[in-house]
Amino acid sequence: MMSNRSITKTLNPSIVSRSLRMFSTETPIGFSALENRILKSGDPKTSMVPILNQWIEQGRDVPQPVLKRIITRLANYRRYTHALQVSEWMGDKSNNDLYPGDIAKRLNLISKVHGLEQAQQFFKDIPEAKIGFKVYAALLSCYAEHKSLEEAEAIMKKIKKLRPVHLTVCYNMMLKLYAQKGKSEKLDRLMQEMKEKDICNGATYTIRLNAYAISKDIEGMEKLLMQMEVDPVATVDWYTYATAANGYVKAGNVEKASLMLKKSENLVNGLTRRIAYESLQTMHAAIGNKDEVYRLWNRCKNLRNSLNSSYLCMLSSLVKLDDIEGAEKILQEWESGHTSYDIRISNMMITAYCKWGLVDKAEAYIKKLLDNGKVLDGSTWDRMSSAYHNDNDMEKAVQTLKKATLGSRRGWKPSAVTLSACIKYLKEKVDVEQAFEILKLFKEKGHISDTAYDKLVSYVHGEIPDTEAFNLIKEDLQYEKVQLHDEEN
């Protein structure tokens, strides 16, 4: 963490000379071999630090613009842990003499990887001279991401006093937060304030459009979409129509959703092709358009450098469509053509087998991975534990849950339903020793809080009658959100 590597450290001459060589800005920002190596290493459990160190040991320079670009690209691919590793490495090598923009990016990444509390601590350690609009905007982004409304509103007041040129981006963050919190009156008031100040941009309208889609206000969505199509300030691109398609999907109007998806695809161009095709693929899967999913998959494959993210998206789409044969073919294609292992893809396939009730296939696939020397993480075993629980094989569920805890990384969280079921099973079996063993492991690795641990210990002892284990931990661990975040990194 940054508190252990204070930004206020003073550079000494030897570090300065080495840093100037390493972070030379003379090298053009191209798609370097280093970028290629890092982007291909997609396994969330693989650290980027050894790759960077090896690059230096081979006598090669690491231009600072290239490092910054790598951090940005990793974040764009939602590989936040890897992006944070590169950011911290860059800070270490420059003795943490970072620009405010670099600090702002680090703050955002800490929030995504380690949570809001650690991000707030990092912010407190930033020297006052380094805190300005960029850092405040990053902190606002952290609060918005974690839906901390009061804190976000307080920071927004500070930002307004600075009167920055790029104030619109902060207004847009607040718009999005109000939409997520269902604060429609505050959202409309802020939107009106932006119109009066003439600071709306394309993103402003897109956020409002998305708010209508989320709330299934189809009338409001259609009205705004028509305004956007004739307003030169509004940006109408593939994402605009994809957002409208999402609104129709939520409202159950498949026909109009399909029409919007066609309009969206017609506007896809440039560097956003891959992410656009992957997004449209996912939406076609949601409405059961298998042919469109495969057609867009072929388009993705024709793009330069097939990435693990494309295979993950395709596999996820086929799982939604219950296309077992197709999913297995995609998995085989990925295994035969990609040397860069990505555990997210393996976990997706294991999840699919468990969803389809094919536990034997999941077990066989795990055995194959282990035989090939692959290291599985907590999420893999947690999926299997949940499958055994669904099959009412609680002994296997308990033992696999232990593996999940031992193989997990900090920040990972198990299934609330499975954990509570295993603890309940052990309590009824009067196997208090094993129940405490599991709870102790979870507590020591930071997977449950001290409060949750104490509640579950009391539950096992029978000190909390007429209470289900699940109700004691569901609020403490926000499971679905964390597991989704883990799979995206």
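The values are calculated or read from the model by the stated rules, or taken from the named source; none is laboratory data. Keep in mind that this is a model prediction, so the values were computed, not measured. So basically every Cβ, Gly included, is an ideal-geometry build from the backbone, and we count neighbours across all protein chains shown. Heads up: the accessible areas ignore ligands, DNA and RNA and are worked out on the full protein's heavy atoms, side chains in. Shrake-Rupley method; radii C 1.70, N 1.55, O 1.52, S 1.80 Å.
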So what is the relative contact order for the chain, in percent, with contacts set as C-alpha pairs under 8 Å and at least six apart? 9 percent
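How much of the pair distance distribution for the stretch 237-357 lies past 23 Å, counting alpha-carbon pairs only, in percent?
Distances greater than 23 Å cover 30 percent of the Cα pairs.
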Full-extension gain in nm, residue 367 to residue 37, via 0.36 nm per residue minus C-alpha separation: 116.0 nm
Rg(Cα) / (2.2 N^0.38 Å) computed for the stretch 333-393, rounded to two decimals: 1.11
Using 0.36 nm times the number of residues separating residue 329 and residue 450, minus their current alpha carbon distance, what extension gain do you get? 39.1 nm
Residue 97 accessible area, nearest 10 Å², 1.4 Å probe? 80 Å²
The stretch 237-281: relative contact order from alpha carbon pairs under 8 Å, six or more residues apart, as a whole percent, is 44 percent
Exposure ranking of 114, 166, 389 by accessible area [1.4 Å probe, largest first]: 166, 114, 389
Past the 25 angstrom mark, what percentage of all C-alpha to C-alpha distances in the stretch 112-262 do you count? 36 percent
Taking Cα pairs closer than 8 Å and at least 6 residues apart, the relative contact order of the stretch 203-280 in percent is 30 percent
When every protein chain stays in place and a 1.4 Å probe is rolled, 102, 198 sorted by accessible area with the largest first are 198, 102
Surface accessible to a 1.4 Å probe, residue 268 within the full protein complex, Å²: 10 Å²
What whole number of Å gives the distance from the Cα centroid of the stretch 223-241 to the Cα centroid of the stretch 281-337? 30 Å
Kirkwood hydrodynamic radius over Cα pairs of the stretch 336-475, then Stokes diffusion coefficient at 4 °C and 1.567 mPa s, in µm²/s: 83 µm²/s
Treating the beta-carbon of each Lys and Arg as +1 and of each Asp and Glu as -1, no other charges, what is the dipole magnitude of the stretch 115-165 about its Cα centre, to the nearest 20 debye? 360 debye
Calculate I(q)/I(0) for the stretch 68-166 by the Debye formula, one identical point scatterer on each C-alpha and no solvent, and give its log10 at q = 0.14, 0.16, 0.17, 0.19 Å⁻¹ to two decimals. -0.50, -0.66, -0.75, -0.93
Of the residues 199, 155, 180, the Cα lying farthest along the dipole of the stretch 93-201 towards its positive end, which is defined by charges on the beta carbon of Lys, Arg, Asp and Glu, belongs to 199
Quick check on the stretch 68-123: take the gyration tensor over C-alpha atoms, sort the square-rooted eigenvalues as a ≥ b ≥ c, and tell me if it's rounded (a/c under 1.5), prolate or oblate. oblate
State which entries of 329/361; 157/474; 329/413 exceed 23 angstrom in Cα-Cα distance in the structure shown. 157/474; 329/413
Return the distance in nm (one decimal) between the two label points of a simple spin-label model at residue 118 and residue 54, each offset 7 Å from Cα along Cα→Cβ. 2.5 nm
Taking the Cα of residue 464, stepping 7 Å toward and past its beta carbon, and measuring to each backbone N in the stretch 416-447: which are under 11 Å? none
Under a point spin-label approximation (7 Å from Cα along Cα-to-Cβ), what is the residue 272-residue 161 distance to one decimal in nm? 3.6 nm
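Run the numbers for residue 148 and residue 402: contour at 0.36 nm per residue of separation, minus the present Cα-Cα distance, in nm.
Separation in residues times 0.36 nm, less the Cα-Cα distance, equals 88.1 nm.
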Convex hull volume per residue in cubic angstrom - Cα atoms of the stretch 287-372: 86 Å³
Cα-based convex hull, the chain, per residue volume (Å³, whole number): 182 Å³
